[in-house]
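The values are calculated or read from the model by the stated rules, or taken from the named source; none is laboratory data. Keep in mind the model is a prediction, meaning the values are calculated, not measured. Because the Cβ atoms are built from the backbone with ideal geometry, glycine has one as well, and the counts that use them run over all protein chains shown. Just the protein is used for accessible areas: all its heavy atoms, side chains included, with ligands, DNA and RNA removed. Shrake-Rupley method; radii C 1.70, N 1.55, O 1.52, S 1.80 Å.
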Amino acid sequence: MIDKEQVHRVAHLARLELQPEEETQFEGQLNSILEYFEQLSELNTEDVAPTTRAIDVSNITRIDQLKSSPNREEILDCAPEREGDFFRVPKIMGEG
Amino acid sequence: MIEINAVDTLMTAAAPAKTEFEAVIGLETHCQLSTNTKIFSTSSTTFGATPNTHIDPVCMGMPGTLPVLNEKVLEYAVKTGLALNCQIAPYSKFDRKQYFYPDLPKNYQISQFDLPIAEHGHVNIELTDKKGEPLLDEKGKAVTKRIGVTRLHMEEDAGKLVHAGSDRLAGSTHSLVDYNRAGVALVEIVSEPDLRTGREAAEYAQEIRRIVRYLGVSDGNMQEGSLRCDVNISVRPKGREKFGTKVEIKNMNSFSAIQKAIDYEIERQVAAIERGDGDTIVQETRLWDESTQRTSSMRKKEGSSDYRYFPEPDLGPIEVSAEQKEAWKATLPELPAQKRLRYEAELGLSPYDARVLTDEKAVAEYFEAAIATGATAKLVANWVMGDIAAHLNANTGMVITELPLKPEMLAELIQLIDDGTISGKIAKEILPELLEKGGSAKAIVESKGLTQISDPAAIEAMIDELMEANPDKVEQFRAGKKKLQGFFVGQLMKKSGGRVDPKLSNQILAKKLKG
């Protein structure tokens, strides 16, 4: 179970600004999601290795071959603010 | 004597017992891998390009894109792990590390958390003195120390920020971001807290650099940021188990800066404790400022749980088979520590010579190629560390592999001195030509008639001529002015163009002058 303080903390880490009524709303919603997943703990998983994915593949790699992207301008233009060759970001308040 | 000792004892007893402190230091070293392309996408990794030219939808985290691991990154990481005596994980995976900062285009960094590719390794470093020369034990062997390597993992680099309106973050009005470096492959090597001094830490970092350069997996260039060290440091009274409060220092871009930043930080922390202000040491990140030679606070350190790591869903796990691991292991070159030991044990070189010769792999290979022809190791070492090193230094940017004087040509030159064909003086005289153009020392010596004169009769004849030309000097010598033998040696060298055998000449000269 998570309380309002944890909702507040998670929101802060996600850089979300929540109104008090939203915090209450999300506390309820997040708890119901967690409860739903709690059902899984009814299963005995003692002899089951931790699973991080459903598809059983490993070692997917590519060769180290250069292929420049043609999308440079497009990507730069996606930014809210651009300054010449750079992405421009607002004043940074502190290190994250 | 007795009285002085008594006073000494009294004074020592009267002084308050001063607590001795020791520092506990661990290093996190980031090495940029020398791959052509980024870790998860096909953009270039070349340093110094126009901002944001090496970007692509994958490294910029555009919706719908999928990262794919560069096979060279895995190979290089495993090789580095093996060279650091690590265990290679048979099963490894990537994780997302979440934090918000403008240098991170995706708002998360793909890294490895609980299952890194390599763990439980170590490196043996040489302990050095103030001049950076190896400390020796009573048998004349280099003193080494084993530094544990906790782990090595693969991850992607972040972009670069330019703070506008000020050269510092604090005064800037906005920042500009260049993502050319975002997604470039790194290995992060975490040491155990086994280091105790700034000098040990700098030596450890240098050894890591030597190893990655020997392996060819990184250029280890600190100025370009290919090798970056973060230091974790705390101090405690000597003998205490418990660690003090840990502080992280960043922003050192040379080995000497690592050493100086640590020495400064030890002094700062010890002073705070001695003043009774130990509480002012807080867990934080401090930046080394090269211009003021100080560290200053940057931010309070967040606990690692704040990064909310979770398994990267876009990348499959990595399984390194025993066969693959052995195949990569078989390609590892002889490493610097192994070479140093071999040079000392098998070639009889001093720890100092072994250290200098093995610092760069190309120099070690040059040296080894020269002695492979049979030339004496110590003589080759002297030439490589002396005249050749000086020549390379004088020609900035020139590397030993580009030298026209090839190792076998140097060996030939040394052979000529060794068998008495030429004197050391003549060898030095023809060296500039060999360094510039290469060629056969033997051929140069023959074409210029520089072979050593070892025929006693020929030397005697020259001495007779000299004595005839300088009867006054001969007289003065015989009257007791023995120093004048030096004058005759000089004249003889001049007359013969430095070609006479010096030892033989001195013998004959002494006999002749006596009369």
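When B:ASP455, B:ASP472, B:ASP464, B:ASP501 are checked against the criterion of being touching a residue at least 60 places away in the same chain (Cβ under 8 Å) and among the acidic types (Asp, Glu), B:ASP501 stands alone in meeting it. A count restricted to region B:352-385 and to residues that are of a type in the set (Phe, Trp, Tyr) and open to solvent by 40 Å² or more (accessible area, probe 1.4 Å) stands at 1. When you check A:ASP47 against the structure, is it open to solvent by 90 Å² or more (accessible area, probe 1.4 Å) and charged (D, E, K, R), yes or no? Considered against the rule, which asks whether it is open to solvent by 90 Å² or more (accessible area, probe 1.4 Å) and charged (D, E, K, R), A:ASP47 comes out as yes.
Meeting the requirement of 3 or more residues that are within 27 Å of the chain's Cα centre (by Cα), in the same structural domain as B:THR150 (by TED's automatic domain parsing) and more than 27 Å from A:LEU13 (Cβ to Cβ), the strands (runs of 3 or more DSSP E) wholly within region B:223-304 are B:227-237.
Confirm whether B:VAL217 is more than 11 Å from the chain's Cα centre (by Cα), aliphatic (A, V, I, L, M) and under 21 Å from B:SER291 (Cβ atoms). No; evaluated as a whole, the condition is false for this residue. Among the residues of region B:177-186, is there at least one that is away from every other protein chain (no Cβ under 14 Å), open to solvent by 20 Å² or more (accessible area, probe 1.4 Å) and closer than 25 Å to B:PHE40 by Cβ? No, region B:177-186 has no match at all.
When we screen B:ASN470, B:ASN506 for residues that are open to solvent by less than 40 Å² (accessible area, probe 1.4 Å), modelled with pLDDT of 85 or more and outside the structural domain of B:ILE414 (by TED's automatic domain parsing), the only hit is B:ASN470. Of the listed requirements (1) part of a loop (DSSP other than H, G, I, E, B); (2) surrounded by 13 or more Cβ atoms within 10 Å (Cβ to Cβ), A:ARG15 misses just one: (2). Could you tell me whether any residue of region B:402-414 is out of contact with any helix residue (DSSP H, G or I) (no Cβ under 7 Å at 6 or more places or on another chain) and at pLDDT below 90? Checking region B:402-414: not a single residue is out of contact with any helix residue (DSSP H, G or I) (no Cβ under 7 Å at 6 or more places or on another chain) and at pLDDT below 90.
Look at B:VAL24 and say whether it is within 10 Å of another protein chain (Cβ to nearest Cβ) and either within 32 Å of the chain's Cα centre (by Cα) or over 14 Å from A:GLN65 (Cα atoms) (or both). It is false that B:VAL24 is within 10 Å of another protein chain (Cβ to nearest Cβ) and either within 32 Å of the chain's Cα centre (by Cα) or over 14 Å from A:GLN65 (Cα atoms) (or both). Inside region B:334-351, residues that are crowded, with 16+ Cβ neighbours inside 10 Å and under 16 Å from the mean Cα position of the chain (by Cα) make up a count of 6.
Residues in region B:463-487 that are of a type in the set (Asp, Glu) and more than 56 Å from the chain's Cα centre (by Cα): B:GLU468, B:ASP472, B:GLU475. Considering every residue within region A:79-92, establish whether at least one is in contact with a Ser or Thr (Cβ under 9 Å, 6 or more places away or on another chain), at pLDDT below 90 and part of a loop (DSSP other than H, G, I, E, B). Yes; the residues of region A:79-92 include at least one that is in contact with a Ser or Thr (Cβ under 9 Å, 6 or more places away or on another chain), at pLDDT below 90 and part of a loop (DSSP other than H, G, I, E, B).
Cβ-Cβ distances below 9 Å connect the following pairs, each with a first residue in region B:405-433 that is of a type in the set (Asp, Glu), a second residue that is outside any loop (DSSP other than H, G, I, E, B) and open to solvent by less than 20 Å² (accessible area, probe 1.4 Å), and a separation of six or more residues or different chains: B:GLU408/B:ALA370; B:GLU412/B:ALA441; B:GLU433/B:ILE444.
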